[in-house]
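Read the figures in this text as sums done on the coordinates, not as results from a lab. Treat the numbers as computed from the prediction; the structure is a model and nothing was measured. Please note: Cβ atoms are built from the backbone with ideal geometry, for glycine as well, and neighbour counts cover all protein chains shown.
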Amino acid sequence: MTTSTNGKFDRKPLIAGNWKMNMDHVQGITLLQKLAWTLKDAQHDYNRVEVAVFPPFTDLRSVQTLIRGDKLDIEFGAQDLSPKDSGAYTGDISGQFLSKLGCRYVLVGHSERRTVHGETDELLNEKLVAAYRNSLVPLLCVGEGLEIRQSGKHVQHTLEQVRRDLAGLDAEQVSALVIAYEPVWAIGTGEVAGPEDAQEMCSAIRSEIADLYDDAVAAKTRLLYGGSVKAANAASILKQRDVDGVLVGGASLDVTEFANIVRFEQHLVTD
Ligand SMILES: O=C(CO)COP(=O)(O)O
């Protein structure tokens, strides 16, 4: 594996597709089959770049069956989990069940959960604990809205989220964690943060982790950017020193777009 003085490629890049509330289980397995074929044609090297998809809950069993049956080298995760493992919590989904279903990852704190469902940092902290308790790797989403960006307080705001969400987690847990910086104003809007914005925030998050834990932990935590990522803008973002991958929404539903984003990252690692 290519290494660099800053250790960027010591962290395995992750290209993640958040399908959100799109694709029923039939559409989902068709999309996944096409993605697997496309990546195979492109001779994708899974040892160098990890690919993960986050389908709706109702797709997870079909996705698991396909990935296991066809031995696809694609990881999958859920879009949310309950802070509790079982009990009278109608409509919630337990991390225990997700883990048993073979999920490797789980999204925590996506801005659509924070805003539409009013999820607080305190709740998200409990969800992170629940994820680790059930051997899931959490992919924590943080980021500011437009007003905060315009007020110039975006770094302060996002680091505050990081501090609150990570409260009480130990060094081993945070080393395994993935954090996606997703500025709310760039999600589904076509507005993409510039590569330098992505680098600014990922670098600030890494420094914050070094302060909260130590440099060794900060060097291991993978940091992604998300918000209107497409094949056309992915390369410049992925090149940034502290950006270890991307969390892709809309473009992950288009196999060609998503596979091209994976390819950009693979070239960066290989060249
Ligand atoms: O929210 C996102 C991924 O979690 C980003 O969504 P879009 O890529 O559609 O902007």
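Between segment 196-271 and segment 112-141, the C-alpha centres lie 20 angstrom from each other. Over segment 150-271, the reciprocal of the mean inverse Cα-Cα separation, the Kirkwood hydrodynamic radius, stands at 14.9 Å. GNM remark for the chain: springs join alpha carbons under 10 Å apart, and the peak mean-square fluctuation among 251, 235, 210 falls on 210. Calculated FRET efficiency, residue 22 to residue 176, Cβ-Cβ distance, R0 = 25 Å: about 0.35 to the nearest 0.05.
Name the residues whose placed amide hydrogens come within less than 5 Å of the amide hydrogen of residue 17, ignoring near sequence neighbours (fewer than 5 apart) on the same chain. Close amide H contacts, sequence-distant or interchain: 52, 53, 54, 248.
Under 5 Å between amide hydrogens, built in the peptide plane, is the criterion, and for residue 226 it picks out 181, 182, 247 among residues at least 5 positions away or on other chains. Checking the Cα-Cα distances for 34/71; 100/239; 40/100; 40/230; 40/220; 84/230 against a 25 Å cut-off, the pairs over it are 100/239; 40/100; 40/220; 84/230.
A straight chain from residue 70 to residue 10 at 0.36 nm per residue would run longer than the Cα-Cα distance by 18.7 nm. Just the number, please: Stokes-Einstein D of the chain in µm²/s, Kirkwood Rh from C-alpha pairs, 4 °C, 1.567 mPa s. It comes out at roughly 70 µm²/s.
Using Cα pairs under 8 angstrom and six or more residues apart, how large is the relative contact order of segment 88-188, in percent? Over segment 88-188, the number comes to 32 percent.
Counting other Cβ atoms within 10 Å, keep those with at most 13, restrict to DSSP loop, and tell me which trypsin sites (Lys or Arg not before Pro) in segment 99-206 are left. Intermediate values should be presented prior to the final figure.
Numbers: sites: 100, 104, 113, 114, 127, 133, 149, 153, 163, 164, 206; in loops: 104, 153.
Sparse-neighbourhood loop trypsin sites (Lys or Arg not before Pro): 153.
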